[in-house]
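Here the structure comes first, spelled out in structure tokens, and everything after it is commentary.
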Amino acid sequence: MTRKRLIGFISVIQSVLCLAHLFLYEAWTFSPTEGAVPGVLWIKLVLGFLSVSFIAASLLAFRYTNAALRVFYRASAVWLGMLTFLFVGAVFSWIIFGVAQLTGLDVNFHRTVEVLFAAAVVTGLYGVFNASWTRITRATVRLANLPAAWRGRRAALISDLHLGHVRNGSFLRRMVAKILKEEPDAIFIAGDLYDGTAIDARRAAEPLSKLVAPHGVYFVAGNHEQFGDDSKYLHAIEAAGVRVLSNEKVEADGLQIVGVSYRQATQNGHFASVLRSIRLDQERASILLTHAPDNPEIAEAAGVSLQLSGHTHLGQFVPWSWMARRIYRQFVYGLSRIGKMQVFTSSGAGTWGPPLRLGSNPEIVVLQFE
């Protein structure tokens, strides 16, 4: 993205955020009998600050990292999630008011706003709690031509940890401990280990050195590693002892394991070309590790048996989860099929932006092969 386009994109997002905060203010101060009631000055100032907080925190986070900035970024990110629920609450308050006006019902508009805003805050707080509660999701995958040695074996899949200003090495250590407790035969990390913000990449990746499995630990780059030069991230992951798969195939006890990074997998012609160059044996089972379930039809045409991905976060929280389902359809989450190939998309272990989850759960996936 060019500098001009980036500035334009940021300007659009900031304008939307300002309008959303103005909408909240109007809902809070509106009176059916008196019209718009002048609000308290401090409310205007607070909402004005909050409207620019996330963009400001994000711009700073891409260049700097310190304790104060991490607190500021987390607070602004939580508020961004709260804003979504408050906005929905404001919309419903106007709907209720409109229905009441049409039907002649006597409804206290401001009390309605208070109740809906309170419900929005409670919902947001639950979302923050839910985002910190990582589940183990178990699934059985039956693959044709699976090597006899792999029957009954298990693999762990984790994606989208987004280490940065919200989550860091302590979070990764907890994830490593959870994975090791499952004693998987192989471990797959499907990208977005990092958030893309300023971070000591090598130090953040150190807990991965404890992550071991009999048949290997594998990583592919996601879009957040590839915002720019991904070398510092990939070198840090390799230094921790994890095998980074960059458009290549490895053999693990007769099972073909392929890794294609996000940048290559999202370009249709290039993705097909990469898979052709890898020369999969279509008579044997194979696993493709790629960050996003964007082009599963290309992987299926190349003869892949199982694709493992993340990226979607299952929308992370409503109403964005509805949008994610429209974009990724049956591939948005869980085990699905296209032709002869199966796809498992994880909702991820971390979060991006607002550290909230509602309608999706953070997870580590344990797959058993049959």
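The values are calculated or read from the model by the stated rules, or taken from the named source; none is laboratory data. Note that this is a predicted model, so its numbers are computed, not measured. Note that each Cβ is placed from the backbone with ideal geometry, even for glycine, and that neighbours are counted across all protein chains shown. Areas reflect the complete protein model, heavy atoms only, side chains present, ligands, DNA and RNA absent. Shrake-Rupley method; radii C 1.70, N 1.55, O 1.52, S 1.80 Å.
Of all DSSP beta bridges confined to region 307-350, the antiparallel ones make up roughly 60%. I'd like to verify something in the chain: which complete DSSP H helices, judged by Cα projection on the helix axis, reach 30 Å or more and average at least 0.0 on the Kyte-Doolittle scale? Helices meeting the span and hydropathy rule in the chain are 3-29, 67-103, 109-131.
Placing +1 on the Cβ of each Lys and Arg and -1 on the Cβ of each Asp and Glu in the chain, which of 19, 91, 157 has its Cα farthest towards the positive end of the resulting dipole? Farthest towards the positive end: 157.
Peptides 66-72, 282-288 ranked from most to least packed, by the mean per-residue count of other Cβ atoms within 10 Å: 282-288, 66-72. When peptides 315-323, 117-125 are sorted by average Cβ neighbour count within 10 Å, with the highest value leading, the order is 315-323, 117-125.
Shown for the chain: lysine pairs separated by 8 or more places, or found on different chains, whose C-alpha atoms are under 21 Å apart, numbering 4. In terms of Cα atoms, the Rg and Dmax of the chain work out to 23.1, 77 Å.
Among 14-23, 86-95, 344-353, the peptide with the highest mean count of other Cβ atoms within 10 Å heads the list, and the full ranking is 344-353, 86-95, 14-23. Full extension of the chain between residue 340 and residue 212 yields a length gain of 43.0 nm, computed as 0.36 nm times the residue separation minus the alpha carbon distance. Provide the percentage of antiparallel DSSP beta bridges, counting only those with both residues in the chain; round to the nearest 5. Of those bridges, close to 35 percent are antiparallel. Note on residue 239 and residue 174: the extension gain reaches 21.4 nm, defined as 0.36 nm multiplied by sequence separation minus the Cα-Cα distance.
Close amide H partners of residue 358, meaning residues 5 or more places away or on another chain with modelled amide H under 5 Å apart, are 317, 318. For region 118-177 versus region 338-370, the inter-centroid distance based on Cα atoms is 7 Å. Note on region 307-370: along the principal axes its Cα atoms extend 37, 24, 15 Å, ordered by decreasing extent. Directionally averaged projected area (region 265-361, Cα convex hull): 6.3 nm². The relative contact order of the chain comes to 20 percent, based on Cα pairs under 8 Å that sit 6 or more residues apart.
For the chain, the mean residue ellipticity at 222 nm estimated from helices alone is -14500 deg cm²/dmol, where every DSSP H run of n ≥ 4 contributes -39500 (n - 2.57) and the total is divided by all residues, rounded to the nearest 500.
List the residues of region 341-370 whose backbone N lies under 19 Å from a point placed 7 Å from the Cα of residue 135 along the Cα-to-Cβ direction. 344-352, 355-368, by backbone N distance to the label point.
Can you work out the accessible area per residue across region 193-242, with the rest of the protein chains kept in place, probe 1.4 Å, in square angstrom?
Result: 41 Å² per residue.
For region 133-250, the alpha-carbon coordinates run over 45, 33, 20 Å along the three principal axes, in decreasing order.
The slack in the chain from residue 253 to residue 267, taken as 0.36 nm per residue of separation less the alpha-carbon distance, amounts to 2.0 nm.
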